[in-house]
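Chemist: Quick one: the structure is below, questions incoming.
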Amino acid sequence: MSEEALRQQIQNLKKHNARLKRIAHDARNKLSAALDGTGLCLWQLDIPSGKLVIFNRRWGSMLGFQPKETKAQFEVWRERLHPDDADEVLKAFYDHIEGRAPYYEALHRMLGKNDKITWVLDRGRVTEWDEEGNPLKVTGTHIDMTKEKNYEAQLSSLAHHDPLTGLTNRHALHTHFTKMKAQGPLCIAFIDLDNFKHVNDTLGHRSGDEVLIQLSQRISELVPPNVVVGRLGGDEFVLLMPFLIDFPKVRIMMNAVLDAALTPFDVDNGHAQIGASIGVAPVQEHHSFDEALTRADEAMYLIKKNGKQGFGLAG
């Protein structure tokens, strides 16, 4: 082959190589755009070196880091695992690497910049082995699941909490009641507000809602952490108290709740004045939630009948 022909062949090979690079670059950009649109990040780990290659998104961006703030290394990833999830995640990873699981998968939390929590769904599989069968590379994906987990938490909160006050709702009160009854002594307080209809009639329902919100906050702040505060609806509230009914703290709490209700409420269009009638009943082993609530309601009704603004204890 002449020198000129060799030079021409080299030139053609260079052009062909440049064309292949452009095709590869274009394909990678298209892949990045497609994957980024789904929130999916494609990664590959070189096991011997610990180096991570991120194919379509900058490493660390998911965790709030700027370029060069953190390295794409296995050790960095491991250090950023949430301490409550780390053992389970690493077990899932090494179970696959060491042949005990067909793939790696884990839904877990990671600590981002300033320890901000990000939920991540990780999946991976060994894609390359050496001649002795040892794994060399793992290829996988991770997806930011933070929005989904937050939405899930919001749904759970709506299912168990009153939307106006944030207090435990009737459904969740049932659950707490069953659990607390099994753990030891329990009594239940039924709280019905006095003169609340007058607030709605004179100041409007928006002000009435504000009174309910403020009272909920007052009660939540004055009871011990082991007391469950709930709202049945309207102006009816419930306390689940893990005490015997003759325990002095029960009377102290009831007086505090009465004071909280009697203290005037500042609302947008004036001042609201209400009171409360409270009935307290001990919970027996055979009582259902509805049965115990009915006994407390009956004790409350006697207070209403005899002048309101007080509390009574059922026998």
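Chemist: Please sort by residue number the GluC sites (Glu not before Pro) in segment 213-315 whose DSSP state is loop and whose Cβ has at most 16 other Cβ atoms within 10 Å.
Modeler: Details: sites: E221, E236, E285, E291, E298; in loops: E285.
Counting only loop positions with at most 16 other Cβ atoms within 10 Å, the GluC sites (Glu not before Pro) in segment 213-315 are E285.
Chemist: Taking all protein chains in place and a 1.4 Å probe, what share, in percent, of the accessible surface of segment 66-121 do carbon and sulfur account for?
Modeler: That fraction is 48 percent.
Chemist: Nothing charged except the Cβ atoms of Lys and Arg (+1) and of Asp and Glu (-1): what's the magnitude of the dipole of the chain about its Cα centre? Round to the nearest 20 debye.
Modeler: Result for the chain is approximately 1220 debye, rounded to the nearest 20.
Chemist: What fraction of the Cα pairs in the chain, stated in percent, has a spacing above 25 angstrom?
Modeler: That tail contains 66 percent of the Cα-Cα pairs.
Chemist: Calculated FRET efficiency, S49 and Q8, Cβ-Cβ r, R0 51 Å, to nearest 0.05?
Modeler: Computed FRET efficiency for S49 and Q8 comes out at 0.80.
Chemist: Evaluate the charge dipole of segment 234-310 about its Cα centre and quote only its size in Debye, nearest 20, assuming +1 on the Cβ of each Lys and Arg and -1 on the Cβ of each Asp and Glu. Write out the running numbers ahead of the final one.
Modeler: Working: 6 positive and 11 negative charges, 69 e Å.
It comes to approximately 320 debye.
Chemist: Please name which of S49, N169, Y94 has its Cα lying farthest along the dipole of the chain towards the positive end, using unit charges on Cβ (Lys, Arg +1; Asp, Glu -1) and the Cα centre as origin.
Modeler: Value: S49.
Chemist: A further question on this structure: Would you please calculate the Kirkwood hydrodynamic radius of segment 242-315 over all C-alpha pairs and express it in Å, rounded to one decimal? Let's see the in-between values first.
Modeler: Numbers: mean 1/r = 0.0743 Å⁻¹.
The Cα-based Kirkwood calculation yields 13.5 Å.
Chemist: Sticking with this structure for a sec: Per residue, how much accessible area does the chain have with a 1.4 Å probe, in Å²?
Modeler: Here the residues of the chain average 59 Å² of exposed surface.
Chemist: Follow-up question, since we're still on this one. Over the Cα atoms of segment 40-165, Rg to Rh with Kirkwood Rh, two decimal places?
Modeler: Ratio of gyration radius to Kirkwood radius for segment 40-165: 1.05.
Chemist: Next up: With +1 assigned to the C-beta of every Lys and Arg and -1 to the C-beta of every Asp and Glu, and no other charges, what is the dipole magnitude of segment 179-243 about the Cα centre in debye, to the nearest 20?
Modeler: On the way: 6 positive and 8 negative charges, 69 e Å.
About 340 debye.
Chemist: What figure in square angstrom, to the nearest 10, would you give for the accessible area of H161 with a 1.4 Å probe?
Modeler: For H161, solvent-accessible area is about 70 Å².
Chemist: With θ taken as phi - 60° and the coefficients 6.51, -1.76 and 1.60, list the Karplus ³J(HN,Hα) couplings across segment 168-179 in order, rounded to whole Hz; mark glycine and proline as x.
Modeler: Per-residue couplings from phi come out as 4, 8, 4, 4, 6, 4, 4, 5, 4, 4, 4, 5 Hz.
Chemist: On a full-extension model of 0.36 nm per residue, what is the gain between Y301 and L244, subtracting their alpha-carbon distance, rounded to one decimal in nm?
Modeler: Length gained, Y301 through L244: 18.4 nm.
Chemist: When Lys and Arg each count +1 and Asp and Glu each count -1, what net charge do the other residues less than 12 Å away from T146, Cβ to Cβ, add up to?
Modeler: Values: positive: R109, K116, K147, K149; negative: D144, E148, E152.
Once all neighbours under 12 Å are counted, the net charge is +1.
Chemist: Students often get this wrong, so check it: of K197/K249; K197/K305; K116/K179, which have C-alpha atoms separated by over 29 Å? Can you show the working numbers first?
Modeler: Values: K197/K249 31 Å; K197/K305 17 Å; K116/K179 33 Å.
The pairs that break the limit, which is 29 Å between Cα atoms, are K197/K249; K116/K179.
Chemist: Please report, largest first and rounded to whole Å, the three semi-axes of the ellipsoid equivalent to segment 166-241, where each semi-axis is the square root of five times an eigenvalue of the C-alpha gyration tensor.
Modeler: 27, 11, 10
Chemist: To continue, here is another question. Which percent, nearest 5, of DSSP beta bridges in the chain are antiparallel?
Modeler: 90
Chemist: Give me the one-decimal nm value for the distance between modelled label points at E128 and S156, 7 Å along each residue's Cα-to-Cβ direction.
Modeler: 4.0
Chemist: Another question, if that's okay. Which Cα, out of V120, A159, F247, lies furthest along the positive dipole direction of segment 119-251 (beta carbon charges, K/R +1, D/E -1)?
Modeler: F247
Chemist: By how many nm would the segment from D201 to L90 grow when fully extended, if each residue of separation counts as 0.36 nm and the alpha-carbon distance is taken off?
Modeler: Gain on extension, D201 to L90, equals 33.8 nm.
Chemist: Where does each of 148-157, 41-50 land if you order them by average Cβ count within 10 Å, highest first?
Modeler: With the highest mean Cβ count within 10 Å placed first, the list reads 41-50, 148-157.
The values are calculated or read from the model by the stated rules, or taken from the named source; none is laboratory data. Just so we're clear, the structure is a prediction, and the values are computed from it rather than from any experiment. All Cβ positions, glycine included, derive from the backbone under ideal geometry; neighbour counts span all protein chains shown. These area figures cover heavy atoms from the full protein model, side chains too; ligands, DNA and RNA do not enter into them. Shrake-Rupley method; radii C 1.70, N 1.55, O 1.52, S 1.80 Å.
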